[in-house]
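Pasting in a structure now, in structure tokens, and then I'll have a few things to ask.
Every number in this text was worked out from the coordinates using simple rules, so none of it is lab data. Keep in mind that what you see is a predicted model, and the values were worked out from it rather than measured. For neighbour counting, all protein chains shown are included, and Cβ atoms are generated from backbone atoms with ideal geometry for every residue, glycine included.
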Amino acid sequence: MEKIWTDLGSVDSLKSQPLQEIEVGKITIALSYNNGKFGAISGVCNHVGGPLGKGTLDGDYIVCPWHNWKFHRTTGFGEPGFEEDRVPQFELKIENDHLFINTNSITNRNKLPHPPHSLGRDVIRENGPIRVVGISTTIMDSKNPRYSTSDKLLEVAINHAKNELGAQTMFIRLNDLKFRACEGYYSKSAKACTWPCSITQMDETDQLVQIYEALVHWADVIIVATPIRWGAASSLYYKMIERFNCIQNQITLNNKSLIQNKVASFIITGGQDNVQDVAGHMLGFFAEVGFVFPPFPFIAHTRGWDAEDMENNIAYVEKSEGLKEGAKDLARRSIEMAKIILHEHVSEQKIVKAGRKAQPLKISEN
Ligand code: FES
């Protein structure tokens, strides 16, 4: 192939950085200098396009800054064991103390197939009764469990859905799952926040996969229960929902709503107050991910700002038939709303992003 040489600049100035990203026309290059030798490979990672020139060097391998895939800085080969997963290599020459690059790469990109994560399959609702998942977000010492008002009311709602309303049900206590906090891939780039979640794909021990599976693929209804902690939902609730960025981000990246025709409702209890603030947050967040709500989408209970006698709070909830009936009726309203939207086949059109969120993203292809 014809060689097209482009002057990248003086050798002295280019030597000063071990790794840098350089644009040559429409081509992005990861230019490196190590042990007296330059290397030039495509600056676009094979995984989901991370900027290799903005990564780091590990010996003669460039480490992608998004999810740490490695490519040899001069040949473009993947790291040992994955050599054939390679990015294009570019030829370099030095003339008159200037570095030149042949912009026709001397090797081609080759992507090895990676087995897809099962969460990434198409979202298809299987036939069957309405499916309800309850997610309890309270935190406790699971070896020495205590009475939790939000957890107990959720149990009432889920048992009612199963035993009286004919739903299939699942109950997940977040406290029983081991999962990592969101590590901010989105903060590097919207494109670095992948579906399935980058953490889920990299770490098969991460158990938030159970929540993703239930929310995206299995359930028609989710009922989330939280205590009120210092006026907010539980810290475990926040740890979970930060990991849902990858669900919402599919709208930004691919105009794809992973949550369609699903209903969310909430159980919020606290010894003291701030129900409306917690409910407002939960409604806003789950709306933004794509859920819809039944009429009166939450039930809640507190005994007020100065009710520090927590033993009496537990006793109140334990005895309250009204709260138990409220939990059952929340399940009924949620299931009925799910039946309405499934029966009516609500539109699955793409989301119109303008005016809502997410301007178009520039996606580099080379
Ligand atoms: S490792 Fe490079 S984009 Fe994911």
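With the structure loaded, tell me whether residue 111 is more than 25 Å from residue 201 (Cα to Cα) and basic (Lys, Arg) or whether it fails that test.
no
Output the residues belonging to region 200-237 that are of a type outside the set (Val, Ile, Thr) and closer than 17 Å to residue 279 by Cα.
Answer for region 200-237, where residues must be of a type outside the set (Val, Ile, Thr) and closer than 17 Å to residue 279 by Cα: 225, 227, 229, 230, 231, 232, 233, 234, 235, 236, 237.
Any residue in region 289-302 that is in contact (Cβ under 8 Å) with a residue 40 or more places away in the chain and more than 22 Å from residue 317 (Cβ to Cβ) sitting within a Cβ distance under 7 Å of a residue that is of a type in the set (Ser, Thr, Tyr) and assigned to a loop (DSSP other than H, G, I, E, B)? List the pairs, counting only those 6 or more apart or interchain.
290/257
Output the number of residues of region 25-74 satisfying the condition of being in a strand (DSSP E or B), surrounded by fewer than 18 Cβ atoms within 10 Å (Cβ to Cβ) and more than 16 Å from the ligand (Cβ to nearest atom).
The number of residues fulfilling the criteria is 2.
From the list 257, 187, which residue is within 16 Å of the ligand (Cβ to nearest atom), surrounded by fewer than 21 Cβ atoms within 10 Å (Cβ to Cβ) and small (Gly, Ala, Ser)?
187
Still on this model: I'm checking my understanding of the structure. Among residues of region 75-97 that are assigned to a strand (DSSP E or B) and surrounded by 15 or more Cβ atoms within 10 Å (Cβ to Cβ), which one is nearest to the ligand (Cβ to nearest atom)?
Result: 78.
Take the residues in region 67-92 that are of a type in the set (D, E, K, R) and without any contact (Cβ under 8 Å) to a residue 40 or more places away in the chain, then tell me which one is nearest to residue 43 (Cα to Cα).
My answer is 70.
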